[in-house]
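Trainee: Provided herewith is a single structure, encoded as structure tokens, for subsequent inquiry.
The values are calculated or read from the model by the stated rules, or taken from the named source; none is laboratory data. All figures in this text were calculated on a predicted structure; none of them were measured in a lab. All Cβ positions, glycine included, derive from the backbone under ideal geometry; neighbour counts span all protein chains shown. Quick note on the areas: whole protein, heavy atoms, side chains included, nothing else; ligands and nucleic acids left out. Shrake-Rupley method; radii C 1.70, N 1.55, O 1.52, S 1.80 Å.
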Amino acid sequence: MTEAIVIIVALFAALLIYAATKPDLFRVWRSANIKAPPDRIFSLINDFHNWDAWSPYEKMDPAMKRNLSGTSRGKGAVYEWESNNSKAGIGRMEIVESSPPSRIAIQLDLTKPFEGHNIVEFTLEANGDETNVIWDMHGTDPYIGKIMGIFCNRDNMVGKDFEEGLVNLKAIAER
């Protein structure tokens, strides 16, 4: 019995040590080419009132409480949400930089299901009659996030949401 406990403790210690070797920063990003001018796409992202049409996070909880405040669009626009659904959770976004028609930076603060403070950026680059849209999220990875990262892949989890959102954005912008 004590041999089994020693093995379990050793495995647990190895897991904690392995987690400590993980990078302190993380980044998840996806891109898509959209056959629309940058200014059309920019307006869909730069105004939180438009997010219900394309953001996959809007569909996670139809009963989610939303509050939009600050400026109507661009720098200073704020979107707060509260959901009993653990996937949507509780959080706040604020546009901290808006450079038409090429870049939007958002401060993302999550409260539940876990705390996180990250930067979300949308970069739009014209390329002929298309626009390359990059959706990027990056931030520091606290120790608990490193442990969780051993069991679940953030890039896959968040990346699939970004992919879905870009497909939705493409469908709307190309109309």
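Trainee: Taking the range 6-61 as the search range and keeping residues that are modelled with pLDDT under 90 and of a type in the set (Val, Ile, Thr), which one is nearest to HIS138 (Cα to Cα)?
Mentor: That would be THR21.
Trainee: In the range 70-84, what residues are among the small types (Gly, Ala, Ser) and within 21 Å of ARG103 (Cα to Cα)?
Mentor: GLY70, SER72, GLY74, GLY76, ALA77
Trainee: Restricting attention to the range 80-93, does a residue exist that is closer than 15 Å to LEU44 by Cα and in contact with a strand residue (DSSP E or B) (Cβ under 7 Å, 6 or more places away or on another chain)?
Mentor: no
Trainee: Further question: For ASN132, only one of the following conditions fails: (1) in a strand (DSSP E or B); (2) open to solvent by 50 Å² or more (accessible area, probe 1.4 Å). What is its number?
Mentor: (2)
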